[in-house]
Amino acid sequence: MKFYLDTGNVEEIKRIVKLGLVDGVTTNPTLIAKEGRVFKDVIQEICAIVSGPVSAEVISLDVAGMLKEARDIATWAPNVVIKLPMTEAGLEATHQLYLEGIKTNVTLIFSVAQGLMAAKAGATYISPFVGRLDDIGVDGMKLVKELRQVLDQYGLKSEIIAASIRGIGHVEQAALAGAHIATIPGTLLPALWKHPLTDIGIERFLKDWEKVPKP
Ligand code: E4P
């Protein structure tokens, strides 16, 4: 499973890229707003740091507006991916961009039907929101599993990005459910490599090392 960072924070990305753990990045208007910086500047900086796909979301709700934004964003960097909402207009724009060879990520997916529609429209990526489904008492990871089954069953090419990831359990379950990618908040990622027994183990080894005769 590939790891994307779900962030608009350039410093966070720079730090984790050094570990070889960043296969791509996803952003959304909320994450961009947190940075208090110009959208284009942030996306271009991220695209220069990360060689993998970087999702940048349109804010228009009509097809013409989405396409205008998408065609402009697509010129910002070779690895930029256009993120569009799962609406009728979003599907039409996704299909048009597919015909133009522009990569897309259809976001805000909450059902198998929505994922199937987006995949058939030609989305490069589809983003089911696991955490937000869990928040309303629906099993978000079940959706990831079912989407993978449907994509494989019909030979659909879209890749699943498990989004709205809230904890280590979500990342592990996304891998087990067959997500192609999990997009993980930069603040959560360190929790994946940390374990209290690892820290205790290091402490014990260092203590024992003190008993080793020094030359
Ligand atoms: C990523 O593509 C999504 O925009 C993001 O994972 C949403 O996460 P949230 O539900 O924590 O806002």
**OP:** Collect the residues in segment 1-15 that are within 16 Å of the ligand (Cβ to nearest atom) and either among the aliphatic types (A, V, I, L, M) or in contact (Cβ under 8 Å) with a residue 40 or more places away in the chain (or both), keeping them in residue-number order.
**Re:** MET1, LYS2, PHE3, TYR4, LEU5, ASP6, THR7, ASN9, GLU12, ILE13
Original post:
Can you name the condition, by its number, that ALA119 falls short on among (1) within 16 Å of the ligand (Cβ to nearest atom); (2) out of contact with any Pro (no Cβ under 8 Å at 6 or more places or on another chain); (3) closer than 25 Å to HIS170 by Cβ; (4) open to solvent by less than 30 Å² (accessible area, probe 1.4 Å)?
Top reply: (1)
**OP:** Name the one entry in GLY101, GLY65 that is away from the ligand (no atom under 16 Å from the Cβ), at positive phi and surrounded by fewer than 20 Cβ atoms within 10 Å (Cβ to Cβ).
**Re:** GLY101
Subject >> Tally of residues being among the small types (Gly, Ala, Ser), assigned to a helix (DSSP H, G or I) and surrounded by fewer than 19 Cβ atoms within 10 Å (Cβ to Cβ) across segment 123-170 >> reply: 2
Original post:
Name the residues in segment 15-66 that are out of contact with any Pro (no Cβ under 9 Å at 6 or more places or on another chain), among the hydrophobic types (A, V, I, L, M, F, W, C) and not in a helix (DSSP H, G or I), would you?
Top reply: LEU19, LEU21, VAL22, VAL38, VAL50, VAL54, ALA56
Original post:
Counting only residues that are open to solvent by less than 30 Å² (accessible area, probe 1.4 Å) and within 11 Å of the ligand (Cβ to nearest atom), which one in segment 29-55 is nearest to ILE126 (Cα to Cα)?
Top reply: SER55
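The values are calculated or read from the model by the stated rules, or taken from the named source; none is laboratory data. Since we're looking at a predicted model, the values are computed, not measured. Cβ sites come from the backbone with ideal geometry, for glycine too, and all protein chains shown count toward neighbours. What goes into the accessible areas is simple: the full protein's heavy atoms, side chains included, and nothing from ligands, DNA or RNA. Shrake-Rupley method; radii C 1.70, N 1.55, O 1.52, S 1.80 Å.
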